[in-house]
Number of protein chains: 2
Amino acid sequence: MARILYELKGKDDRRFSPYCWRSRFALAHKGLEVEYAPVRFCDKDKIAFSGQTLVPVLVDGDNTVFDSWAIARYLEQHYAEAPTLFGGAIGEAEALFVNGWADRILHPVLVKTVVTDILAHVEPEDRRYFRDSREKRFGVELETLLEDRDERAAHFRELLEPARAALAAQPFLCGDAPAYADYILAGTLQFCRLTSPYPLLEKDDIIYAWRERMLDLFDGLARRAVGAHD
Amino acid sequence: MARILYELKGKDDRRFSPYCWRSRFALAHKGLEVEYAPVRFCDKDKIAFSGQTLVPVLVDGDNTVFDSWAIARYLEQHYAEAPTLFGGAIGEAEALFVNGWADRILHPVLVKTVVTDILAHVEPEDRRYFRDSREKRFGVELETLLEDRDERAAHFRELLEPARAALAAQPFLCGDAPAYADYILAGTLQFCRLTSPYPLLEKDDIIYAWRERMLDLFDGLARRAVGAHD
């Protein structure tokens, strides 16, 4: 049976979408083999069959699922006998809270911290689209965002406090072993790690040590990704 | 068997500690009857037996437990047959993340929004201690904090975004029914509701509707608390 994860691809085959990384981790957690199919920013015809324009899209036999959260729920329900991503209804509901934290609180700050570096990792034919769409979104030239990068990164580190509180008591956000809430944050940090040499995390941060553990999972799935810094 | 929750008490018997409310909700969730024992700010001799100076302290027969998170874990383990607060190990680990979010992200902003109003609800003999300790903590006269209260409250509402993301898909943070993560945030908001007439939440906010549901729980346990605004 064909199982394909359509995911964003930059230059030199970098796969830096935080949302696609959530799905990569979730598939690995379930022990499912998958073929990764790259999609460029301006190559959305490849996923037109799914009825929309955003990755990740998972094709699993006869099923097509899009949106990283929907993919995680699909995998949990469809592969219920494999290791759990959520640990039950309350765990799933709380993971949606963590998902919202990563998407609405962390990502808006992080993307402005690294977006200027991303430009160099976008395929030449996508670069004009990328710059125009992002400059329209942020209301400034991308290079301008470098000016207060240190302050923005410091603010980002402060925003990680809830994760620090959890990791002070347990090795993973989900307790003794990683599960979907860990993959959410790991995906967000992988987005930076694969696009920017900027030292976002301080090495004595408990989050840094946790990220090392996340990079080791699944035979170094995230650690050995193309373009990784640090 | 004696079961007593020692909790903070202000003037006119207001019980506004967010941490004590978490324990109140958790006890009610487990269906446990409890006697509330009030402790004033400067009346810590009452809990000296527990070996420390902060409420909540739960005495449950021969067991003494302090710290709201430890109390929740104790109740979950000791009353395992009663309705679950966490829904398993992953749910408990994620609830600790929500706990850290409320304590480290929300509370520092919220306390500066309402602390000036709290002064009026502190027993006269505690007021000097309260003002001095809080002014030392914040580095300004309490009245100064009123000057940028609107901006601070707007910032607080932005910080609630992760909860909004979750509540857009489900009636409670813990899914179809409330559990401990809901009690964490409800406790934080109750702290404001019992001390300040300031309209912190906008009425068309999804969080406001969720709070109404929380206020209805357990025969209106939180709604009918002394001193409630709104």
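Listed values, structure above:
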item: Interatomic Cα distance distribution for region A:27-87, bins of 10 angstrom, percent; result: 21, 51, 24, 4
item: Fully extended contour minus Cα-Cα distance, from B:Phe218 to B:Phe138, at 0.36 nm per residue; result: 25.2 nm
item: Listed residue (B:Leu159, A:Ile105, B:Tyr198) projecting farthest to the positive dipole end of the protein assembly as shown, Cβ model; result: B:Tyr198
item: Relative pair counts by distance (%), Cα atoms of region B:89-220, 10 Å bins; result: 11, 40, 31, 16, 2
item: Formal net charge of residues neighbouring A:Met1 (Cβ-Cβ distance under 12 Å; K, R +1; D, E -1); result: -3
item: Only Lys, Arg (+1) and Asp, Glu (-1) charged, at Cβ; the protein assembly as shown dipole about Cα centre in debye; result: 260
item: Local electrostatic count, B:Tyr19, Cβ distance below 9 Å [Lys/Arg +1, Asp/Glu -1]; result: -2
item: DSSP-loop GluC sites (Glu not before Pro) across region A:1-53, with at most 14 other Cβ within 10 angstrom; result: A:Glu33
item: Alpha-carbon centroid distance for the pair region B:128-171 / region B:1-79, whole angstrom; result: 24
item: Cβ-based net charge around A:Ala186, under 9 Å, with every Lys or Arg adding one and every Asp or Glu removing one; result: +1
item: Averaged over A:100-112, number of beta-carbon atoms from partner chains that fall within 10 Å; result: 3
item: Total charge dipole magnitude, chain A, about the Cα centre, Cβ charges on Lys, Arg, Asp, Glu only, Debye to nearest 20; result: 340
item: Shortest-first distances to equivalent copies, position A:Ala82, nm, label 7 Å out along Cβ; result: 3.9
item: For region A:176-230, convex hull volume per residue from C-alpha positions, Å³; result: 76
item: Table column - 3J(HN,Hα) (Hz), region B:166-179, Karplus curve with 6.51, -1.76, 1.60, x for Gly and Pro; result: 5, 6, 5, 10, 7, x, 10, 4, 8, x, 6, 9, x, 8
item: Quotient of Cα Rg and 2.2 N^0.38 Å for the protein assembly as shown, N being how many residues it contains; result: 1.06
item: For residues of B:165-173, the mean tally of beta carbons on other chains within 10 Å; result: 5
item: Packing-based order for B:67-79, B:8-20, A:117-129, B:125-137, using average beta carbon neighbours within 10 Å, highest first; result: B:8-20, B:67-79, A:117-129, B:125-137
item: ³J(HN,Hα) computed for each position of region B:62-67 - Karplus, 6.51 cos²θ - 1.76 cosθ + 1.60, integer Hz, glycine/proline x; result: 8, 9, 10, 10, 10, 5
item: Amide proton proximity set for B:Lys9, modelled H, under 5 Å, gap of 5+; result: B:Val39, B:Arg40, B:Phe41
item: Antiparallel DSSP beta bridges within chain B, percent to nearest 5; result: 65
item: Top positive-direction residue, dipole computed over chain B with Cβ charges, set B:Ala2, B:Ala72, B:Ser133; result: B:Ser133
item: Whole-number Å³ per residue for the convex hull built on Cα positions in chain B; result: 121
item: The protein assembly as shown: antiparallel DSSP beta bridges as a percent of all, rounded to 5; result: 65
item: Fraction of beta bridges assigned by DSSP in region B:3-78 that are antiparallel (%, nearest 5); result: 60
item: Computed lengthening from B:Tyr129 to B:Ala168, 0.36 nm per intervening residue step minus Cα-Cα distance; result: 9.8 nm
item: A:Arg104 versus B:Asp205: modelled label distance in nm, points set 7 Å from Cα along the beta carbon direction; result: 1.1
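Computed from the coordinates by the stated procedures, all read-outs in this text should not be read as laboratory data. Nothing here was measured: the structure is a model prediction, and the numbers come from that model. Glycine also receives a Cβ, built like all others from the backbone with ideal geometry; neighbour counts cover every protein chain displayed.
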